[in-house]
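Structure first, commentary second.
Since every read-out is calculated from the coordinates, none of them should be taken as a lab result. Computed from a predicted model, the values in this text were never measured in an experiment. Every residue, glycine as well, gets a Cβ built from its backbone with ideal geometry; the counts of neighbours run over all protein chains shown.
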Ligand code: P1T
């Protein structure tokens, strides 16, 4: 029955059976560090919360269902999940990574893990460049699609097929689409990773990460590392994510509706140079977006006419859009990637990617869209 359920039903019911002992419809928060054993080694499947926790187990069941995966692992942040995955690869592995990824991912790979592995950053929207890199038989190809912040879209199906041919593990960071709009595993990817801090939780009150896969060997290796290294999510945070996830389908529809309207409005605004949104026909990979995503999400990037001075003024003048890092919450956020989320990417690389001083990123929330447009309009008037 579970597998036949549609997304919104799974989001509410997977991992969500009423509590066996009391009938409580909402899962208890097992706020415990340890579990009593009846005899040494004799327990009910739970020994210590770093290893397992029943609230976290429920969340993992839910997430596995949403990404149509056999296994899901929940961690204390998106980056800690990625760190475990990097540790699971043999020392000296070659990893091909998309050139436009979240600044924190770039920093993690180029500082913390550059001592362990060999990273090559390429434009994964260029299939010829991808094939050339795969021919060198790296261990892994890491895609972020759509990318943060330029919203570039890579063809997951084609790249996964190529990766299989060369026996390379394919990973997709699906944070921007959430499992509601894109399911990389069903497009052929081996592993999908999310920052749950964003759309999955959706209420800007939790930091968390997760990984879903059908590859038992890789899942087991990552779980052993989590147990050995310790970045497990707290029971309360897992409970909050379980609570947030229930409205994921509704929220994503609302984010998208607002974002599409705002993107179209920005495109015609005289103070805006250009707009990037996967749902606009002007997006360079619009066709691939339509093919592999069932929606376009709530993230928009745009270039305002001017430079840093104009960007700063605009960002200081918005009232409803909060000037803050992060994304995917019900409330609208705005930020300056070059100074904020992508400051750890060297300036020359930012320039190459197009992360200029007049680039603004929006995480469009689910407020009334007219109010959001009015806020942007008022701030644009000030520059
Ligand atoms: O923040 P954390 O939960 O550790 O997740 C990191 C991460 C991973 N992948 C993507 C695509 C992300 O966007 C992020 C975090 N991003 C932001 C904080 C941001 O404002 O872009």
Roughly how many Å is it from the Cα centre of region 74-147 to that of region 238-305, as a whole number?
25
Output the peptides 99-106, 304-311, 264-271 sorted from most to least packed, where packing is the average of other Cβ atoms within 10 Å over each peptide's residues.
99-106, 304-311, 264-271
Residue separation between residue 268 and residue 19 times 0.36 nm, minus their alpha-carbon distance, gives in nm 84.3 nm
Where does each of 275, 330 land when they are ranked from fewest to most other beta-carbon atoms within 10 angstrom?
330, 275
Förster-model FRET efficiency, 22 Å R0, residue 137 and residue 157, C-beta, rounded to 0.05
0.55
So what is the calculated 222 nm ellipticity per residue for the chain, using -39500 (n - 2.57) for each DSSP H run with n of 4 or more, over all residues, to the nearest 500 deg cm²/dmol?
-10500 deg cm²/dmol
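Relative contact order, percent, of region 86-176 when contacts are C-alpha pairs under 8 Å separated by at least 6 residues?
Numbers: 142 pairs, mean separation 28.7, N = 91.
Reported as a whole number, the value is 32 percent.
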Under a plain spin-label model, where a point goes 7 Å from the Cα along Cα-to-Cβ, how far apart in nm are residue 367 and residue 227?
4.7
Working from Cα positions, state the angle (0 to 90°, nearest 10) between the long axis of helix 308-317 and the longest principal axis of the chain.
70
Relative to the longest principal axis of the chain, what angle (0 to 90°, nearest 10) does the C-alpha long axis of helix 54-66 take?
50
Acute angle (nearest 10 degrees) that the helix 235-245 long axis makes with the longest principal axis of the chain, alpha-carbon atoms
50
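If you stretched the chain out fully between residue 286 and residue 343, how much longer would it get, using 0.36 nm times the residue separation minus the C-alpha to C-alpha distance? Provide the component values of the computation, followed by the final result.
Details: separation 57, 0.36 × 57 = 20.52 nm, distance 2.79 nm.
Extra length from residue 286 to residue 343 when fully extended: 17.7 nm.
Compare the peptides 48-54, 131-137, 180-186 by average per-residue count of other Cβ atoms within 10 angstrom and give them in order, highest first. Working shown, then result.
Working: 48-54: 18.1, 131-137: 14.6, 180-186: 22.9.
My ranking of the peptides, most packed first, is 180-186, 48-54, 131-137.
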